[in-house]
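Encoded as structure tokens, the structure appears first; notes follow it.
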Amino acid sequence: MLIITTPSRLHLTLIDMNASIGRVDGSIGLTLDEPVISIKAEKSDTFEITGNSEHLERMRNSAALLLPAGEGIHISIEKDYPSHVGLGSGTQAALAAGMAVNRIYNLGLSVFELAIKVGRGGTSGIGVAAFEKGGFILDGGHKFSEKKAFLPSAASKLPPAPVLLRKDFPDWDIVVAIPELKGASSKKEINIFKEKCPVPLREVEGLSHIILMQMLPALVEEDIVTFGKSINSIQEIGFKKREVELQPVSLKLMQALREGGAYGTGMSSFGPTVYAFGEDAGDIEKIAQEFLGEKGNVFITKARNEGARIENNSSVRRDTFNIGASYKDVI
């Protein structure tokens, strides 16, 4: 029996939603230790996905795309977290089910090949890279001549974007607050991309300046104060600004956390999940809990600097996806 445990991720921002110099998308993101999706999988005479989860259909579709003709599998969903809250559960669920079939039937697919098969990573490559190698990730987006339009991942059929940088993230506490709301998805998400893009080039240039000359140096120097400042600045520019404007509760929560001493707060993807960095995570967590009351979930976690875990009970072997030579830290 295989046990596969995937991480979650924060999607910090899309970088270039202007595309005037030939590429589009580009993303920065961070892999989280919690929450996780965990499944158990084994070969079976039938094809069955079980568990009290909203990801049943997604996993069924993903596994069906890879399952050899006439073969079966039983996948039991042991742990999960909600979809459309900004933590990337859709990609992790699809990849977990696909990887279960891949390993059990020795298909020999890489994570990149698996993502193409199950249709993930067509806009942001953060979720796929988080599954494979974890850590802090920056990807280079796609050729606009191939994508031809501004589209979310769920509506794009392109392969995952190339990873330009993958780096271990410092051992900082990360406060995660999830209001009882949902982010944009499906047709609504597609319409937002159509309405808000292209983003003015000057904003893309400003965002790139923040990432290259503030965020990345702060990451290398493990300067949490400056890193927090870069997170704050990102919320007010480019496509992220448009995303934040759609979640007024998340915006007010971010403001409350900054006023309460957080160095930096941001919204992940289309939200509503808010994350924060600060000197005293316990105090920040308390402020978030008081703000949300019974209408949300708040916890403290850390970055995860490795990808999904795969345990094989029959051989008592545990695998994680190691970083190949092309994915070494490069800054």
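The values are calculated or read from the model by the stated rules, or taken from the named source; none is laboratory data. Given the structure is predicted, the values throughout are model-derived calculations rather than measurements. As a convention, Cβ positions derive from the backbone with ideal geometry for all residues, glycine included, and neighbour counts pool all protein chains shown.
Worth a mention:
- Failed item in (1) of a type in the set (A, V, I, L, M); (2) touching a helix residue (DSSP H, G or I) at 6+ places or on another chain (Cβ under 8 Å); (3) free of Cβ contacts under 8 Å to residues at least 60 places away in the same chain, with residue 116 passing the rest: (2)
- Close pairs from the stretch 44-60: first β-branched (Val, Ile, Thr), partner modelled with pLDDT of 95 or more, Cβ under 6 Å, at least 6 apart: 46/72; 49/56; 49/59; 49/60; 49/75; 50/76
- Selection within the stretch 95-108 - touching a residue at least 12 places away in the same chain (Cβ under 8 Å) and not in a helix (DSSP H, G or I): 105, 107
- Selection count where residues are closer than 23 Å to residue 306 by Cα and part of a helix (DSSP H, G or I), scope the stretch 131-152: 2
- If you filter the stretch 105-127 down to residues that are among the hydroxyl-bearing types (Ser, Thr, Tyr) and in contact with an Asp or Glu (Cβ under 7 Å, 6 or more places away or on another chain), you find that the one that is nearest to residue 268 (Cα to Cα) is 124.
- The residue that is surrounded by the fewest Cβ atoms within 10 Å (Cβ to Cβ), among those in the stretch 46-72 that are of a type in the set (Ser, Thr, Tyr) and part of a loop (DSSP other than H, G, I, E, B), is 46.
- Per-region count, the stretch 2-27, residues at negative phi and surrounded by fewer than 24 Cβ atoms within 10 Å (Cβ to Cβ): 7
- The residues on offer are 104, 126, 137, 75, and the sole one that is buried (at least 17 other Cβ atoms within 10 Å of the Cβ), more than 21 Å from the chain's Cα centre (by Cα) and closer than 20 Å to residue 8 by Cα is 75.
- Residues in the stretch 217-274 that are among the polar types (S, T, N, Q) and in contact (Cβ under 8 Å) with a residue 40 or more places away in the chain: 247, 250, 268, 269, 273.
- Residues within the stretch 167-186 that are touching a residue at least 40 places away in the same chain (Cβ under 8 Å) and over 28 Å from residue 257 (Cβ atoms), tallied: 0
- Within the stretch 144-164, being within 15 Å of the chain's Cα centre (by Cα) and crowded, with 18+ Cβ neighbours inside 10 Å holds for 152, 153, 160, 161, 163.
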